[in-house]
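Input: a single structure, listed below in structure tokens.
The values are calculated or read from the model by the stated rules, or taken from the named source; none is laboratory data. Computed from a predicted model, the values in this text were never measured in an experiment. Because the Cβ atoms are built from the backbone with ideal geometry, glycine has one as well, and the counts that use them run over all protein chains shown.
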Amino acid sequence: MKILVQSEAFDLGAEVDALRQGRTDVGAIASFVGLARDMNEGSGVQAMTLEHYPGMTEKALAALVAEACGRWTLLDVTVIHRVGRLLPGDPIVLVAVASQHRGEAFAACEFIMDYLKTQAPFWKKEETPQGERWVEARASDDAAAARWDQP
């Protein structure tokens, strides 16, 4: 399992290749890359700064990955989340999940991403033409994460 919080960009191809390197038991890798947008809530976004508490953030991400591993049979997981100032088009987050079957890989990838959006300790501040603003949690993200709590 690989969990990183970093300011540097990541290489999607290299990270996916690393999940299957030297393995013949991997039957599926599902991945998600989140990108910084140039619009949010109807106004332009010139940049976004992501903040976190080192140590606490990595522990929260590790617990999230452990929960996913408890729900599905996963062979490997990579979560990379960037912090610092990002511009529109910059990659923010990578979730990549390796398993023997696609259904588990897809589900675990979506689960991890839904919980990253709602429970991971990151704070986002956008720079807009009207000034800076903190990004609030969205009800749609909470609803997406809540569906995983249903039996």
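Scan segment 136-151 for residues that are surrounded by 16 or more Cβ atoms within 10 Å (Cβ to Cβ) and out of contact with any helix residue (DSSP H, G or I) (no Cβ under 6 Å at 6 or more places or on another chain) and the total you get is 0. May I ask you to verify whether Leu50 is surrounded by 15 or more Cβ atoms within 10 Å (Cβ to Cβ), within 18 Å of the chain's Cα centre (by Cα) and within 21 Å of Ala98 (Cα to Cα)? Judged against the criteria, Leu50 is not a match.
Looking only at segment 77-96, count how many residues are within 21 Å of Val26 (Cβ to Cβ) and either basic (Lys, Arg) or more than 15 Å from the chain's Cα centre (by Cα) (or both).
So the answer is 0.
Considering the conditions (1) among the charged types (D, E, K, R); (2) in a strand (DSSP E or B); (3) more than 30 Å from Gln130 (Cβ to Cβ), Glu51 is excluded by exactly one of them, (3).
Among residues that are assigned to a strand (DSSP E or B), over 29 Å from Asp38 (Cβ atoms) and either over 12 Å from the mean Cα position of the chain (by Cα) or of a type in the set (Lys, Arg) (or both), Ala68 is not included. Report yes if Lys124 is buried (at least 16 other Cβ atoms within 10 Å of the Cβ), of a type outside the set (A, V, I, L, M, F, W, C), touching a residue at least 24 places away in the same chain (Cβ under 8 Å) and outside any strand (DSSP E or B), otherwise no. No; evaluated as a whole, the condition is false for this residue.
Restricting Arg37, Arg71, Arg102 to residues that are exposed (fewer than 15 other Cβ atoms within 10 Å of the Cβ) and modelled with pLDDT under 95 narrows the list to Arg37. List the number of the failed condition for Thr78; all other conditions in (1) over 23 Å from Phe111 (Cα atoms); (2) in a strand (DSSP E or B); (3) of a type in the set (Val, Ile, Thr) hold. The failed condition is (1). Please verify whether segment 12-33 includes one or more residues that are surrounded by 17 or more Cβ atoms within 10 Å (Cβ to Cβ), in contact with a Leu (Cβ under 7 Å, 6 or more places away or on another chain), aliphatic (A, V, I, L, M) and part of a strand (DSSP E or B). Yes, segment 12-33 contains a residue that is surrounded by 17 or more Cβ atoms within 10 Å (Cβ to Cβ), in contact with a Leu (Cβ under 7 Å, 6 or more places away or on another chain), aliphatic (A, V, I, L, M) and part of a strand (DSSP E or B).
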